Amino acid sequence: MTHTRYAEQPKRQAEQQNRHAKQPKRHAEFISASLLILSIFFLPISCKSTRTVQFNELHPVYVTNTKKINLLPPENTTVELDILQQFNGTFGDTDFSMLSFSQIDKSEISLSLINDFGTDMGHLYYDGEHVSLKSPYLPSKLPGEYIVAEIQNAYYDEKVLQENYSKARLKFVCETEGSRKIYDGKKLIEEIFISDDKVKIINYLRGYSFELVNAE
């Protein structure tokens, strides 16, 4: 019996060593499994925190039924705005009025639309390559490019605008500092009125108008 116990000791020691050798492996497997569970747990949170914007390819803006212009790059703006404005307009028989957190600078045009209670009413975004307009409260027949073009008519460099419209055989005229007009020959297409706290645009051909008024 004594010899048997001595013979079993190396065997037991070998088994203990094997158990100790397996512990780091099990520990590593436990850490890997924990990291996998944590990554799955936090993945939905990171996805929810990222706002997705559906962009559309740019389309030309038909100033008349046969003459069109392309939108200008954002760097042609003469203003840099980060302001709350009242956005009012009429398109045919449809009237709309909402607030807009307006950001206009040399990289983008962005209007975040809300009502008086702060409820989201849509968003307009333009970065020079894409445009996105999503709002059930704006007329469905009014493409985002047309709103961007009107904002550019009011806030962008007049000489660049004149050149852009001349390519379409149209006239962009700055009669006074606060008055801009678009002509097709002798026919007045649009008027833009600009003051320190307000921009108003009237398009006689398409039958719409809107204004951006700085909120107090």
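The values are calculated or read from the model by the stated rules, or taken from the named source; none is laboratory data. Keep in mind the model is a prediction, meaning the values are calculated, not measured. Glycine also receives a Cβ, built like all others from the backbone with ideal geometry; neighbour counts cover every protein chain displayed. These accessible areas exclude ligands, DNA and RNA; they are computed on the full protein's heavy atoms, side chains included. Shrake-Rupley method; radii C 1.70, N 1.55, O 1.52, S 1.80 Å.
Indicate the gyration tensor shape class of segment 153-209 (rounded, prolate or oblate), computed on the Cα atoms with a ≥ b ≥ c the square roots of the eigenvalues: a/c under 1.5 is rounded; otherwise a/b larger than b/c is prolate and the rest oblate. Write down the numbers at each step before the final one.
Details: a/c = 1.98, a/b = 1.19, b/c = 1.66.
Oblate, because a/c is 1.5 or more while a/b does not exceed b/c.
For segment 55-196, which whole percent of the accessible surface, found with a 1.4 angstrom probe, sits on carbon and sulfur atoms? Don't skip to the end; give the middle numbers.
Values: 3670 of 7560 Å².
The C+S portion of the solvent-accessible surface of segment 55-196 is 49 percent.
Please list L58, L212 in order of solvent-accessible area, largest first, computed with a 1.4 Å probe with all protein chains present. Spell out each step's value before the answer.
Values: L58 60, L212 5 Å².
Descending accessible area places them as L58, L212.
How far is it, in nm, from the label point at Q86 to the one at H130 when both lie 7 Å from their Cα along the line to the Cβ?
3.4 nm
Which whole-number value in Å² is the accessible area per residue of segment 137-216, probe 1.4 Å? Please list the in-between numbers first.
Details: 4190 Å² over 80 residues.
Counting only protein heavy atoms, the per-residue value for segment 137-216 is 52 Å².
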